[in-house]
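The values are calculated or read from the model by the stated rules, or taken from the named source; none is laboratory data. All figures in this text were calculated on a predicted structure; none of them were measured in a lab. Because the Cβ atoms are built from the backbone with ideal geometry, glycine has one as well, and the counts that use them run over all protein chains shown.
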Amino acid sequence: MKIVHITAGAASMYCGSCLRDNALAAELLSRGHDVTLVPVYTPTLTDEDNVSQHRVFFGGISVYLEQHSALFRHTPWLVDKLWDSSLALKLAARSSIPVNPRLLGKMTVSMLKGEDGFQRKELLKLISWLKSEAPPDLVTLPNALLIGLAGPIRRALDRPLSCTLQGEDLFLAGLQEPYRTDSLQLMRSHVSEVDMFVSVSEYYAEFMAGHLGIPDDKIEVVPLGINLEGYERRARRASGPFTIGFFARVAPEKGLHLLCDAYRRLRERSELPGTRLEVAGYLAPEHKAYLQGIEHQMSDWGLGDEFHYRGVLDRAAKIEFLQGIDVLSVPATYDEPKGLFLLEAMACGVPVVQPRRGAFIEVLERTGGGILVEPDDPESLAEGLRRVESDSDLASELGHRAYDGVRKYYSVAKMADRAVEVYKKFELRNPKCEILAV
């Protein structure tokens, strides 16, 4: 099958959506499918071989300039290449292109207006390039925040189009009014222009069907999958400090403050000298004060020496980090649609303790690789962590289930199998769409 897969770069941040899109494209390419992974906004950052194109459409600098100045909405395309180059975008990414939804309300609305928005010129560039290439069997959008592109692309190419659903609601919730309401209304208005929606979890499929008004027969689930290369089972330690890990963006919605509170409660009721709370993940400039507040709180509790922030980790360092912890917990304060960090930890045989919400429920019920606790409740979280710490047989059993469960249900091969199964439905609906044998 020939697929044009659009993916949204996230500047200098390792983004779960980028990792998912790249892993799926790479796996489909390895099976003989003709996949072109096309970045928008910025080049993508992955911790695996990056199979995306070097050219970036809707370059973050152009999108910003066109939003704020009518002059740049009419500059010649040749001139735009000065700031649309990969080098210029990478330099801008290092300066932290803003991704805070509180600052991006007007731009979000404009992008959702598609050909009627301020970034119309960027849409024409993308369509011009698409029409210059061999016609694809399918075009996929990376999320519903880009659904304003659906209608113009479908009309220009006369080809089916799908849209992935993988976390748009959190961004929408962060928008200020009236942009939040306007954005949601625009997204709903474009649903009919998409042939099929692909959700990364069963929870999110149900939620977004209601949130956007997507008919049941237009939404499918393709669960996340990860490339398991290098993910070996962690060695069980006979001694050493009990180590709790947190691996995700360091932001209030990911719940690090709840984990620290639970850690304090756990330490108060147990004699565990040398216990540690190890943290790693992207820290946005606007959340530095959040982390500093946590570090000060841990010090006030007399636990400062047991708390360590390790920063952003590449693939090798990530796997080493995960293999060095006894349990992972990311007690998100919202209904997480993906939970990629769970799969990465469990792929190393690390049990997890997670709130009973969002996609966490289906992942843990399917794999049996962890414990579900009450959401937003540090006491319940502390009890879950205590069970793993105090019962070595339980910890071992959870770890084995986690390791085996990810391989059975959440490998990149399983994700690709399901994706092709879903894409075959386009063949039935669209005679121009021809699926290659797998």
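Name every residue in region 266-281 that is in contact (Cβ under 8 Å) with a residue 24 or more places away in the chain and surrounded by fewer than 18 Cβ atoms within 10 Å (Cβ to Cβ), in order of residue number.
From region 266-281, those in contact (Cβ under 8 Å) with a residue 24 or more places away in the chain are 266-267, 269-270, 272-281; that's our starting set.
ARG267, ARG269, SER270, LEU272, PRO273, GLY274 - these are the residues of region 266-281 that are in contact (Cβ under 8 Å) with a residue 24 or more places away in the chain and surrounded by fewer than 18 Cβ atoms within 10 Å (Cβ to Cβ).
Return the residue satisfying two criteria in turn: it lies in region 1-28 and is part of a helix (DSSP H, G or I) and under 12 Å from ASP47 (Cβ atoms), and of such residues it is modelled with the lowest pLDDT. I'd like the intermediate steps shown before the answer.
Residues of region 1-28 that are part of a helix (DSSP H, G or I), as a first pass: 16-28.
Restricting the remaining residues to those that are under 12 Å from ASP47 (Cβ atoms) gives 16, 18-19, 22-23.
Working: GLY16: 87, CYS18: 91, LEU19: 93, ASN22: 96, ALA23: 96.
Taking the candidates together, the pick is GLY16.
Give me a count of the residues in region 94-134 that are within 23 Å of GLN53 (Cα to Cα), assigned to a helix (DSSP H, G or I) and modelled with pLDDT under 95.
Residues that pass the stated criteria total 1.
Give just the number: which of (1) part of a strand (DSSP E or B); (2) in contact with a Gly (Cβ under 9 Å, 6 or more places away or on another chain) does HIS308 not satisfy?
Every listed condition holds for HIS308 apart from (2).
Inspect all residues belonging to region 16-25 and state whether any of them is surrounded by fewer than 20 Cβ atoms within 10 Å (Cβ to Cβ) and in contact with a helix residue (DSSP H, G or I) (Cβ under 9 Å, 6 or more places away or on another chain). Walk me through how you get there before you give the answer.
Going through region 16-25, the residues surrounded by fewer than 20 Cβ atoms within 10 Å (Cβ to Cβ) turn out to be none.
Within region 16-25, none of the residues are surrounded by fewer than 20 Cβ atoms within 10 Å (Cβ to Cβ) and in contact with a helix residue (DSSP H, G or I) (Cβ under 9 Å, 6 or more places away or on another chain).
Can you confirm whether GLU220 is part of a strand (DSSP E or B), under 23 Å from the mean Cα position of the chain (by Cα), in the same structural domain as SER17 (by TED's automatic domain parsing) and farther than 25 Å from LEU130 by Cα?
On the way: part of a strand (DSSP E or B): yes; under 23 Å from the mean Cα position of the chain (by Cα): yes; in the same structural domain as SER17 (by TED's automatic domain parsing): yes; farther than 25 Å from LEU130 by Cα: yes.
In short, yes.
Of these, ARG55, ARG31, which one is at pLDDT 95 or above and not assigned by TED's automatic domain parsing to the domain that holds GLU286?
Values: ARG55 fails: at pLDDT 95 or above.
Result of the check over ARG55, ARG31: ARG31.
For region 249-265, check the following and say yes or no: at least one residue is assigned to a strand (DSSP E or B), within 24 Å of GLU383 (Cβ to Cβ) and not aromatic (Phe, Trp, Tyr). I'd like the intermediate steps shown before the answer.
So in region 249-265, the residues assigned to a strand (DSSP E or B) come out as none.
Checked region 249-265: no residue is assigned to a strand (DSSP E or B), within 24 Å of GLU383 (Cβ to Cβ) and not aromatic (Phe, Trp, Tyr).
Among the residues of region 142-156, is any assigned to a helix (DSSP H, G or I) and free of Cβ contacts under 8 Å to residues at least 24 places away in the same chain? Reasoning before the result, please.
Our first condition is that a residue be assigned to a helix (DSSP H, G or I); within region 142-156, this holds for 144-156.
So of that shortlist, the ones also free of Cβ contacts under 8 Å to residues at least 24 places away in the same chain come out as 155.
Yes, because at least one residue in region 142-156 is assigned to a helix (DSSP H, G or I) and free of Cβ contacts under 8 Å to residues at least 24 places away in the same chain.
Given the criteria in a loop (DSSP other than H, G, I, E, B), of a type outside the set (Val, Ile, Thr) and at pLDDT below 95, does ALA437 qualify?
Values: in a loop (DSSP other than H, G, I, E, B): yes; of a type outside the set (Val, Ile, Thr): yes; at pLDDT below 95: yes.
Answer is yes for this residue.
Would you be able to tell me the number of residues in region 356-403 that are free of Cβ contacts under 8 Å to residues at least 60 places away in the same chain, under 13 Å from THR333 (Cα atoms) and crowded, with 21+ Cβ neighbours inside 10 Å?
2
PHE118 passes all but one of (1) closer than 23 Å to HIS68 by Cα; (2) surrounded by 22 or more Cβ atoms within 10 Å (Cβ to Cβ); which number fails?
So PHE118 meets the others, but not (2).
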